[in-house]
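One structure is given here, and the rest of the page talks about it.
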Amino acid sequence: MLLNFFIFFVFILIAAMGFRRGFWWSLLHFISTVAAFIFAALWYAPIAKQLELYVPFPKTKAAQTHYFIQYDDIHLRFENIVAFIMIFLISKFILYLILSAFDKIMVTQPISILNRSFGVLLSLISSVVIVLLVLYLCSLYPSFSIQQQFAQSIIANLILFHTPYLSSFVMAL
């Protein structure tokens, strides 16, 4: 229940940002999200090897936790997704800084309701990427309450397992 609320909150928040931005500005942010995803996919593996020293996986709790999704080598998956999310966030932030330099140009133009509607659509698509990464990271954490939320959430399962192309990629990290 709480997990569903979190997912809806993120979707509504990012959709509101897309409505405010409009189609063209949302398109630029969508392209930056895709570019950050591709960049993270290319560079997460070498960094994940180094993360074991800095981001330890709570192995003592992991042995006692029943996971909703059964994983092999859960500590390696945890390090991989943490490295992926770190690279994704850093590259997305850098691209956001570049895009914010052009913010004044986009604000001066009036935005129609159709333009805003397409902006909401693009923002919702990019929010699925963000929610998928966060859900995958949370599904790896050895906490009974988090695993219970995954067992009860249909929306989280749909996003984790049935997002075209992205689910299979993220589950293979």
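The values are calculated or read from the model by the stated rules, or taken from the named source; none is laboratory data. A quick note: this is a predicted structure, and the numbers were derived from the prediction, not measured. Neighbour counts run over all protein chains shown; Cβ positions are idealised from the backbone, glycine included.
Selection of region 124-173 for residues being touching a helix residue (DSSP H, G or I) at 6+ places or on another chain (Cβ under 7 Å) and surrounded by fewer than 14 Cβ atoms within 10 Å (Cβ to Cβ) yields only F161.
The set of residues from region 92-138 being over 13 Å from the mean Cα position of the chain (by Cα) and among the hydroxyl-bearing types (S, T, Y) comprises Y96, S100, T108, S112, S117. The criterion of at least 2 residues that are under 23 Å from G18 (Cα atoms) is met, among helices (runs of 4 or more DSSP H) falling completely within region 97-173, by 103-107, 113-140, 154-162. Within region 1-54, the set of residues being free of Cβ contacts under 8 Å to residues at least 40 places away in the same chain and not in a helix (DSSP H, G or I) comprises L51, E52, L53, Y54. In region 55-81, the residue that is nearest to the chain's Cα centre (by Cα) out of those that are in a helix (DSSP H, G or I) and either at pLDDT 80 or above or under 18 Å from L166 (Cβ atoms) (or both) is I81.
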